[in-house]
């Protein structure tokens, strides 16, 4: 058990050590090739932002119907929510 966890930690450090970020946020990965050496690949991660959207949510209340009974009433209310937007880099 201890040996597999040590191998996992060593592999994680090797992966993190082979990666670097550029000034514009792209990730550069060095990966080994069949012959002795490495090649660099540039990964373009997506940009994640949020936008505000309006949805209709149900509301439940009561209304006096008779002297003894309150009648349940269902209505709609506009609510603003934040929705994630994913933009892919070209």
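Numbers at a glance
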quantity	calculated
Top-ranked residue in segment 1-22 [being outside any helix (DSSP H, G or I) and under 22 Å from the mean Cα position of the chain (by Cα); ranked as modelled with the lowest pLDDT]	19
Odd one out for residue 30 among (1) at pLDDT 75 or above; (2) surrounded by fewer than 10 Cβ atoms within 10 Å (Cβ to Cβ)	(2)
In segment 77-90, residue modelled with the highest pLDDT [restricted to those that are loosely packed, with under 10 Cβ neighbours inside 10 Å and over 11 Å from residue 53 (Cα atoms)]	77
Among the residues listed as 59, 40, the single one being surrounded by 10 or more Cβ atoms within 10 Å (Cβ to Cβ) and modelled with pLDDT of 85 or more	59
Members of segment 32-70 that are over 30 Å from the mean Cα position of the chain (by Cα), in a strand (DSSP E or B) and assigned by TED's automatic domain parsing to the domain that holds residue 82	60, 61, 62, 63, 64, 70
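The values are calculated or read from the model by the stated rules, or taken from the named source; none is laboratory data. On a predicted model such as this, the values are computed, not experimentally measured, just so you know. Virtual Cβ from ideal backbone geometry, glycine too; neighbours counted across all protein chains shown.
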